[in-house]
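What follows is a structure written as structure tokens; I'll ask about it next.
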Amino acid sequence: MQVEVVSPERITYSGEADMVVVRTVGGGDIAFQAGHMPFIGVLQICQAKVISADDSDLFAVHSGFVQTAGEKVTILSDVSEAKDEIDVARAEAAKDRAEAALGADETDEAAHEALRRAETRLRVAGAVVDAAH
């Protein structure tokens with residue numbers, strides 16, 4: 001099936017795959033394969049897995065939508081980053097800033113979202129993430 005991972009700035013990925021796995025709001029993880037029924041879902045801040053028979057690619061996806069139609073899966077995201085594009089040091093610094101903000105105000109929703117984005121980037125990049133959050 002054809003898969004595209006798209007953000008307003010660019011197409012992060014376009015190619016063939018056997019399966020796509022993302023996390024939707026209220027629905028948890030969902031996997032799509034060829035022939036999946038039409039679907040539109042709202043994405044959480046998550047990692048998107050694009051899996052083919054001989055390879056898999058990971059992307060950090062920061063909210064947006066996933067849509068299936070026919071033999072195509074499209075991930076429309078506010079921001080999407082491929083594994084090899086993630087600056088681990090920058091993501092770690094963002095994680096530290098978000099944790100500090102939450103230390104000052106644990107109800108700060110912007111800090112919670114910043115922390116989720118940073119942790120997602122670190123997971124996709126293969127860096128170790130503290131499981132406490």
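Looking for whichever is part of a strand (DSSP E or B) and either touching a Gly at 6+ places or on another chain (Cβ under 7 Å) or buried (at least 16 other Cβ atoms within 10 Å of the Cβ) (or both) here; the options are ALA48, ALA31. Which one fits? Reasoning before the result, please.
Working: ALA31 fails: either touching a Gly at 6+ places or on another chain (Cβ under 7 Å) or buried (at least 16 other Cβ atoms within 10 Å of the Cβ) (or both).
Sole residue among the options that is part of a strand (DSSP E or B) and either touching a Gly at 6+ places or on another chain (Cβ under 7 Å) or buried (at least 16 other Cβ atoms within 10 Å of the Cβ) (or both): ALA48.
Another question, if that's okay. Hey, any hits in the range 66-73 for a residue that's in contact (Cβ under 8 Å) with a residue 60 or more places away in the chain and open to solvent by less than 60 Å² (accessible area, probe 1.4 Å)?
Within the range 66-73, one or more residues are in contact (Cβ under 8 Å) with a residue 60 or more places away in the chain and open to solvent by less than 60 Å² (accessible area, probe 1.4 Å).
Restricting attention to the range 32-47, does a residue exist that is within 25 Å of GLU109 (Cα to Cα), out of contact with any Asp or Glu (no Cβ under 8 Å at 6 or more places or on another chain) and small (Gly, Ala, Ser)?
Checking the range 32-47: at least one residue is within 25 Å of GLU109 (Cα to Cα), out of contact with any Asp or Glu (no Cβ under 8 Å at 6 or more places or on another chain) and small (Gly, Ala, Ser).
Okay, next question. Taking the conditions exactly as written (of a type outside the set (Lys, Arg), in contact with a Phe, Trp or Tyr (Cβ under 7 Å, 6 or more places away or on another chain) and within 16 Å of LEU122 (Cα to Cα)), does ASP87 satisfy them or not? Lay out the reasoning, then the answer.
Working: of a type outside the set (Lys, Arg): yes; in contact with a Phe, Trp or Tyr (Cβ under 7 Å, 6 or more places away or on another chain): no; within 16 Å of LEU122 (Cα to Cα): yes.
No: the conditions fail for ASP87.
Give the residue, chosen from ALA110, ALA94, ALA60, that is touching a residue at least 12 places away in the same chain (Cβ under 8 Å), part of a helix (DSSP H, G or I) and open to solvent by less than 90 Å² (accessible area, probe 1.4 Å).
On the way: ALA110 fails: touching a residue at least 12 places away in the same chain (Cβ under 8 Å); ALA60 fails: part of a helix (DSSP H, G or I).
On inspection, the qualifying residue turns out to be ALA94.
The values are calculated or read from the model by the stated rules, or taken from the named source; none is laboratory data. Every value quoted in this text rests on a predicted model; they were computed, and no experiment measured them. Glycine also receives a Cβ, built like all others from the backbone with ideal geometry; neighbour counts cover every protein chain displayed. These accessible areas exclude ligands, DNA and RNA; they are computed on the full protein's heavy atoms, side chains included. Shrake-Rupley method; radii C 1.70, N 1.55, O 1.52, S 1.80 Å.
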